[in-house]
Amino acid sequence: FQYLKRFDQGYNLDKFCYEAHSVEGSPAECLQQFLLHCGITDPSWAELHNFTWFLNIQLRNCEASVFCNPDFVQDTLQGF
């Protein structure tokens, strides 16, 4: 949710990193973001669950990767 919210607001996500147990927004805002970004017009709860599960895994892997660390890659992969 935090990544999607910042993406919609136009923030640079290269330096953003999720902090465990940090809470932002309301459950309604969270659901609205998921519905907006999941890519399915009328998703079921299972489809929303799969979307959030997959997104979470991908973002966690991205945060853990040295190749996605802006301090490591400097400006060589700007916008990647």
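The values are calculated or read from the model by the stated rules, or taken from the named source; none is laboratory data. All of these numbers come straight from a predicted model, not from anything done at the bench. Using ideal geometry, Cβ is built from the backbone for each residue, glycine included, and neighbour counts are taken over all protein chains shown. Protein only, heavy atoms only, side chains kept; ligands, DNA and RNA dropped before computing areas. Shrake-Rupley method; radii C 1.70, N 1.55, O 1.52, S 1.80 Å.
Observations on the structure shown:
- Solvent exposure of the chain as accessible area per residue, Å², 1.4 Å probe: 81
- Loop-located GluC sites (Glu not before Pro) in segment 1-39 (DSSP state other than H, G, I, E, B) with a sparse environment of at most 13 neighbouring Cβ atoms within 10 Å: Glu19, Glu24.
- Using alpha-carbon coordinates, inclination of helix 27-37 to the longest axis of the chain, degrees: 70
- Percent carbon-and-sulfur accessible area, the chain, ignoring ligands, DNA and RNA, probe 1.4 Å: 58
- Remark: C-alpha extents of segment 2-68 on the principal axes read 36, 23, 21 Å, sorted largest to smallest.
- Relative to the current alpha-carbon distance between Arg6 and Asn50, full extension at 0.36 nm per residue lengthens the span by 13.7 nm.
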